[in-house]
Every structure is written in C-alpha cells, then in structure tokens.
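What follows is a single structure, written as structure tokens, with notes after it.
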Amino acid sequence: KNSIEGINLIAYPNPFKEELMNSIRFWTHYKYSSKVNFLFFPFAYFEHAAIINDERGRLKKKSYEIRYTLAADYKEKLFTKTYFYNRFALEYRDFKNNNNSNVIRLRNKIGLKHNFNKKWNVMVFDELFLNLNSKDKKHIYDHNRIGIIGSYFPTEKIKIDFGYNYIQRLQKNNIELLSENNFMIMVYYTFK
C-alpha cells in the first residue's frame, strides 16, 4: 500500500522515464513589424528515439536528421496582455541513418498567448503538420499537437519553456493514428 502519513498515493508511471527527442537549433529572426517576424534556421540537428509500443521498441536505434526551416510569425493583440499567435513554416527534413525518404513538411501553429509580466507568459496552441511529398498520398497528414507552454525569462538572453503536448501522429509505416502525451523542457539562449 502506497501511503504517506495516511494519504493514499496513486502510482503513476514516470513521465520523464523514456527519451523521445533531443535537438539543437540556431534561429535567425528578422522583425519586419510589431506584428510580423520572419524566421530562418539554417541548421537544426534532431535525435529521435523510437516510439515504444512494445519491448522491441526499446531496442531500436535512434535516428538522426538535419532540418532547414523558413517561417513567419504573426501576432495580433486581443486584450491588454493577450495575443492571437500564428506561425506558418516550411521545413526540409534530411534523414541521416535510416531508410526514410527526406520530407518537405508544412507546419501551422495557432494559439493564444498571455503575458503575466516581463518574466512569465503562457501559451495554448494547436499545431498541424503536413508532408507535402508523401509518395503514397496516405501520409500527407503527419501529426497534430495540442498543448500548453509556460515560458520563464530568468535573464534577457535566456528563456526556459516547459509544457505539455497531446499528439496524434500517423506513423510512417502504418495508417493507424498513435496518441501520445509528452512533457517538454526547452532552453533558449539569444545572441544579439
């Protein structure tokens, strides 16, 4: 029986036990106006662990990719500290150590962002991913993320994001949707 001082505890699996992805990205921003920002990352490195559906999934090797992306952000003030947010992006995914074909993917992320103060904000969002060069035409839909992210700015140059994503994903070798619950932590450093 799990209990602390008479309080029963429900045994939850550790949400941080399995690794899913690690990445490093270098973003370049061009602020066109107070509402529009253009982004380019000339290089991003991703390391993907296998999705574990059974014990064989634990034995699969990680896959690697280099990613190149162009994006545009649009934000519109709705209330004093609340904004509508939209990011539209096109990315090229260059896979390195598996038999996957390279992918051209379209992403669109819409959401609401609320700034509590200069150090804290929160965003709820929905992000759709579509593969533009799906050979079998059954895998144009890649996945959809619904999530919430809290952002903390301990200094002017450092930003820490932490949050949760519910993901509905179409696997590359299957036509069944897979549902995931992911917790994430991201650290950003801004070079002026």
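The values are calculated or read from the model by the stated rules, or taken from the named source; none is laboratory data. Bear in mind the structure is a predicted one, so any value in this text is a computation, not a measurement. Every residue, glycine as well, gets a Cβ built from its backbone with ideal geometry; the counts of neighbours run over all protein chains shown. Keep in mind that these areas ignore ligands, DNA and RNA; they rest on the heavy atoms of the full protein, side chains included. Shrake-Rupley method; radii C 1.70, N 1.55, O 1.52, S 1.80 Å.
What residue, of 91, 47, 76, 127, is open to solvent by 50 Å² or more (accessible area, probe 1.4 Å), assigned to a strand (DSSP E or B) and touching a strand residue (DSSP E or B) at 6+ places or on another chain (Cβ under 9 Å)? On inspection, the qualifying residue turns out to be 76. Taken as a whole, segment 98-113 holds at least one residue that is touching a Gly at 6+ places or on another chain (Cβ under 9 Å), surrounded by 14 or more Cβ atoms within 10 Å (Cβ to Cβ) and either touching a residue at least 24 places away in the same chain (Cβ under 8 Å) or of a type in the set (D, E, K, R) (or both).
Quick check on residue 180: is it in contact (Cβ under 8 Å) with a residue 40 or more places away in the chain and of a type outside the set (Phe, Trp, Tyr)? Yes; evaluated as a whole, the condition is true for this residue.
If the condition is being closer than 20 Å to residue 72 by Cβ and not basic (Lys, Arg), then segment 104-120 contributes 104, 106, 108, 110, 111, 112.
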